[in-house]
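I have placed the structure first, in the form of structure tokens, so that the comments after it can refer back to it.
Nothing in this text is a laboratory measurement; each read-out follows from the coordinates by a stated rule. The shown structure was predicted, so the numbers you read here are calculated from the model rather than taken from an experiment. All Cβ positions, even for glycine, are placed from backbone atoms using ideal geometry, and neighbour counts span all protein chains on display.
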Amino acid sequence: MKLAKVSLCLATLALGVASAASSYSITLPTDTWAGDTQLKAGEYKLQVETNQVTFNQGKTSVPVAVTVETKASKTPYTTLDTENSKLRAIDIGGTKLKIVFAPVKAAASASAAQ
């Protein structure tokens with residue numbers, strides 16, 4: 001009976017760990033577009049899921065659709081790939097994860113310019 005309880009507890013713990021989203025910390029040095037959302041400069045906690053990343057800063061949560069890729073080797077440092085203040089990708093330091101952002105839609109860029 002004890003063995004069954006221990007096995008059930010371990011199985012439940014393993015399932016919880018496997019289904020949990022991974023979280024990482026990053027710093028945006030300047031105001032940056034992530035998808036269709038502009039993020040202010042500062043520190044963010046990222047919750048990475050299969051096809052979405054959520055930027056958390058204080059009480060603010062911003063989900064953004066992404067593609068999560070696995071690279072062949074680990075990246076030593078977290079790097080931001082940006083172009084014209086728009087995030088193109090984030091390589092998460094110490095992991096093989098690369099988060100790729102879809103290009104910002106023209107309407108979002110046009111409204112930001114006004």
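Summary table below
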{"quantity": "Test: Ala41 is in contact with a Leu (Cβ under 8 Å, 6 or more places away or on another chain) and of a type in the set (Gly, Ala, Ser)", "calculated": "yes"}
{"quantity": "Residues that are under 14 Å from Ala102 (Cα atoms) and under 13 Å from the mean Cα position of the chain (by Cα), drawn from the stretch 27-52", "calculated": "Ala34, Gly35, Asn51, Gln52"}
{"quantity": "Unmet criterion (only one of (1) in contact (Cβ under 8 Å) with a residue 24 or more places away in the chain; (2) surrounded by 12 or more Cβ atoms within 10 Å (Cβ to Cβ); (3) over 12 Å from the mean Cα position of the chain (by Cα)) for Ala72", "calculated": "(2)"}
